[in-house]
1. Which lysines, if any, have their Cα less than 19 Å from the Cα of residue 220, not counting same-chain residues under 8 positions apart?
2. Tell me, what is the percent relative contact order of segment 156-228, built from C-alpha pairs under 8 Å that lie six or more residues apart?
3. Over segment 37-144, what is the relative contact order in whole percent, taking alpha-carbon pairs under 8 Å and six or more residues apart?
4. Eigenvalues of the Cα gyration tensor times 5, then square-rooted: what semi-axes does that give for segment 24-142, in whole angstrom, largest first?
5. Size of segment 124-196 along its principal axes in angstrom, Cα-based, largest extent first?
6. Grab the other residues whose beta carbon is less than 15 angstrom from that of residue 38, score K and R as +1, D and E as -1, and report the net.
7. Quick one: what do you get for segment 35-76 if you divide its Cα Rg by 2.2 N^0.38 Å?
8. Evaluate the Kirkwood expression for the hydrodynamic radius of segment 9-66, namely the inverse of the mean inverse distance over all pairs of different C-alpha atoms, and round to one decimal in Å.
Amino acid sequence: MILPSHIAIIMDGNGRWGLKKYNDRNKGHYYGLQNINKVIEHCIKLKIKYLTLYTFSTENWNRPKKEINYLFYLFKYFYKKNFNKLNKNNIRIKFIGDLINIPKDLKPIIKKIQEKTKKNNAITVVFAFNYGAKSELINAFKSILKNKNKVINEELITNNLYTKNIPDPDILIRTGGNKRLSNFLLWQLSYAELFFVNKNWPDFNFLDLKKIVNTFTSIKRKFGGLNE
Ligand code: FPP
């Protein structure tokens, strides 16, 4: 039985959840953040080594300013409330995305989180923040051009992505009921098994995750071959 080593999640449905329960989209983000902490624990229990979470996409700038500001506020809240515990629990945290064009006050926090947790090894949690797969690929091609690389191959592109040194996800989970990839890890998800869950993110729980992991272990992955 092969266990997944990397799970990537599109945590969709926060807004709908918040509107339905509290008539407030931002409340959905708040409880979505609480669920991140729980799901990290679940993943450790299931011996997952990498968890990548889509926290803010390059397209999320199109949302109302109030919601964007709340997400950035939550980011700082997350750091204040959870960082020490996550660090103590041996969790390594990484960020991928365009970390240049983000609010100035978040940059030193990101730097500190990555630096302080870099030797932790219970699990690596990757926050995709101001992330978009298309701009990630454009950046990769730009740096390949700049370095005048003559031989273009899979390894070269992989090594120029934000996810350099992170194995590709085995599983993609999207909550919230929609079946799309929304510009998330388009290169890295080439051979991932896709799971779409009808629950909104704040309601996604250990049993949901366990069921997905169990299903994954029963799938014969062929990577384009026959694998009889
Ligand atoms: C998608 O739901 C969710 C997001 C755009 C943000 C995800 C953020 C969190 C879970 C919490 C914030 C965490 C950090 C670390 C800042 P949606 O708003 O698109 O939901 P909808 O489809 O119901 O509108």
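Taken together, the values in this text are just the output of simple stated rules run on the coordinates, not laboratory data. From a predicted model like this one, the values you see are computed outputs, not experimental measurements. All Cβ positions, glycine included, derive from the backbone under ideal geometry; neighbour counts span all protein chains shown.
1. 210, 211
2. It rounds to 29 percent for segment 156-228.
3. Worked out over segment 37-144, it gives 42 percent.
4. 22, 18, 14
5. 43, 23, 21
6. +2
7. My calculation over the Cα atoms of segment 35-76 gives 1.49.
8. Every distinct Cα pair counted, the radius reaches 12.6 Å.
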